[in-house]
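Engineer: This is the structure I want to talk about, given as structure tokens.
Read-outs: derived from the displayed coordinates by stated rules, not from any lab. Computed from a predicted structure; not experimentally measured. Every residue, glycine among them, receives a Cβ derived from its backbone with ideal geometry; neighbour counts consider all protein chains shown.
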Amino acid sequence: MAARPPLDTAPKVSLREVSRARAIRRFRLTILVPLIALFVLVLMPVLFLQLYFSFHQWSIYLGSWWDADYVGLNLFTEVLTDPRFGWAILRSLAFATGSTIGCFVIGFALAYLMHKPFRGQALYYVVFILPMLTVPIVVAYTAEMLLYQSGPVNDLISRILGVEFKPAWLTDPNVALPAVTLLEIWNWTPFSFIIMLAGLSAIPKEPIEAAEILGASKWRIFWEVQLPLLRPVIFLALVLRFLEAMAEFPKTWALFQGGPGTATETLPVYIFLTTWQYFEVSKGAAMSYIVMMLMIVIVLLAIQLLRREKRSLDAMYGKAAREAGGEP
Amino acid sequence: MTKSRRRRISTVVRYAVLSVWAVIAFFPIYWMIATSFKIDTQWFAWPPVYIPNPPTLANYRNVWLGAEEYTSTQYAISSQTPLVSLKNSVIISFTATFLAVFFGAIIAYGASRYRLLSEARMFQLLMLRMIPPIVVVAPLSLYYSAIGLLDTLFGLILIYFITSLPYAVWMTKSFIDEVPREVEQAAEILGASRWRTVFEVVLPLIRSGLVATFLFILILTWSEYLLALILSKTNVTTLPIELSKYQGTTEGRVYGRQAALAVGITVPLMIIGLVIRKHLARGFSFGMVRR
């Protein structure tokens, strides 16, 4: 609390200022209390426990966890020399990169075809966002109903192609990871689609009209006018999708549990298996710790990108609002 | 080629491409719905049965009402109903979402008007969402069991509240940023306290935005799987977990039952999503992209 200024030197206005400043400070503190409480009561203990288990060998069978043996960096070396862990990282990166690119390319193409009004636009929009509104675990089980070897997907493709098309989506180790990547693309293309559609409809019309008057082809307008203006939205669509894909668990788990063999063992699946199937809680914790650090690095990079792009987005919306009349 | 002819071709190409994707997007959903109306011999028949014939409500009756209807095989799980899970799902997702939107809106107001959180802090808040939950869920479950929150409604509400807070703060902030400050200044001059300004001036102004945020976060909490799988055991099951119980039973694949349950879980979400379809881009992009 600030000291009250002496009455004779301070005019009435300044007294009001002081009490106003104090009220604002109290207001801000009150708002922050729940955030701080969450941080202290949930996040800190959890992070502490994770650190504890990374340095102490404990598993469900070993009795009380607070008596676990201190093993120094053993668990970390165990994880880092575990080839399965390395493969899991590679699989996760491949899955996330593949599905991000797939979602983006399809989503952007659809958004580009749809950003100008045409008959039936609203209906297409509704159909296109449905996959995103399907619960992920439902996607997994429906995929199982669709993808078994003599199932409807193979049947339909065979009929369209006119030749026998029978990949064993769910049991062939070479096909399983691509299958779950395709599933992720089906599930989340709507995300890229709505973001890119919003971006395309928000970019200012004048530069495009100017280029059209100057006789530029659609192709050139796209590459030289629209694409640069869309850069922030593109980054957003790619970064957010990549991060979500790195964390994908329900579909991969429900369909494959890491199998066939270890073909779909992404990082979340491997951590889950280690902790809840093999009950190696400490190894799981060390693994989690490494993955968390890895993800923090990726997320911090992503945040740097997003911060820069958000500024240009805000500038764009601010300008649009000013042009629409009135203050932003 | 004349210009009008070229335009006609591009229209045809556009409809063709969009329709192909529409079929791809809709077919799995159609298949789920169709399977839920199929009798058990058609669940994985060869060749696949595309239209249920004759359509039946037996799957729904069995799954949702627990009606014992034996067809050709007997299914061990046919006697339990997911109504308890439905109740849990509703309680957990509505409460967590309400809390997230309530506190999120207040924090967002502070961030928007009083620089409560710097831009850097706002982005750090996103980490709550961007770090995969799998990396903290093991210590979290041990912590929960130590403080007695494992397998309780409150435990799941708490963690869903935390993980949806970033979305709530960012999305409501994007709405609050659009409210002109003059309104609040007028309220302050008229002598309203800060809290009254928030609750009686600002939040009512962004009512529709709050509803959109609420429904958006409801979609996320309703469909969450991993945290529910680990932090609940037997007392508290949510619908996504209930659905996975139908998997791996020794009686074989019970697609029709599963589909009937899946339709019940998904259709409400689709309706909600279609209601707020204009706000989905804003929601998923943390309010950074608007329409």
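Engineer: Let me confirm one metric for peptide A:118-128, namely the mean number of other chain beta-carbon atoms within 10 Å of its residues' beta-carbons.
Structural biologist: Taking the mean over all residues of the peptide, I get 4.
Engineer: Run the paramagnetic zone check for A:Lys218: 7 angstrom along Cα to Cβ, then residues of the range A:101-135 with backbone nitrogen under 17 Å.
Structural biologist: Only A:108-119, A:121 pass the distance filter.
Engineer: Also, quick follow-up: Sorting check: for A:203-215, A:247-259, which peptide has the highest mean count of neighbouring beta carbons within 10 Å, and how do the rest follow?
Structural biologist: A:247-259, A:203-215
Engineer: Continuing with this model, one more query. Given H placed 1.01 Å from N in the peptide plane, which residues other than close sequence neighbours of A:His56 have an amide H under 5 Å from its amide H?
Structural biologist: A:Val71
Engineer: How big is the range A:74-323 along each principal axis, measuring the range of its Cα positions in Å and listing the largest first?
Structural biologist: Computed over the range A:74-323, the largest-to-smallest principal extents equal 65, 51, 27 Å.
Engineer: Okay, moving on. Quick check: convex hull of the Cα atoms in the range A:83-145, volume per residue, rounded to a whole Å³?
Structural biologist: 103
Engineer: Given 5 Å bins starting at zero, what is the percent of C-alpha pairs of the range A:12-70 in each, up to the one with the largest pair distance?
Structural biologist: P(r) over the range A:12-70, rounded to whole percents: 4, 15, 13, 11, 10, 8, 8, 7, 6, 6, 5, 4, 3, 1, 0.
Engineer: Rounded to the nearest 500, what is the 222 nm mean residue ellipticity of chain B from helices alone, with -39500 (n - 2.57) per DSSP H run of 4+ residues and division by all residues?
Structural biologist: -21000 deg cm²/dmol
Engineer: Let me ask another. Would you tell me the mean number of C-beta atoms belonging to other protein chains that fall within 10 Å of each C-beta in B:277-287, as a whole number?
Structural biologist: Details: counts 6, 3, 1, 8, 13, 3, 1, 13, 12, 4, 1.
Mean number of neighbouring Cβ atoms from other chains: 6.
Engineer: Scan chain B and note any complete DSSP helix (H) whose C-alpha atoms cover at least 15 Å along its axis and whose Kyte-Doolittle average is -1.0 or more.
Structural biologist: B:3-36, B:83-113, B:119-130, B:134-146, B:153-176, B:207-223, B:255-275
Engineer: Calculate the length of the line joining the C-alpha centroid of the range A:108-183 to that of the range A:203-224, in whole Å.
Structural biologist: The range A:108-183 and the range A:203-224 have Cα centres spaced 34 Å from each other.
Engineer: Past 19 Å, Cα to Cα, is the threshold; run A:Lys283/B:Lys233; A:Lys116/A:Lys218; A:Lys218/B:Lys3; A:Lys116/A:Lys205 against it and keep the listed order. Could you put the intermediate results ahead of the total?
Structural biologist: Working: A:Lys283/B:Lys233 23 Å; A:Lys116/A:Lys218 14 Å; A:Lys218/B:Lys3 13 Å; A:Lys116/A:Lys205 12 Å.
Correct reply: A:Lys283/B:Lys233.
Engineer: Rank by packing, highest mean first: peptides A:138-145, B:198-205, B:50-57, B:275-282, with packing defined as the count of other Cβ atoms within 10 Å averaged across residues.
Structural biologist: Descending packing order for the listed peptides: A:138-145, B:275-282, B:198-205, B:50-57.
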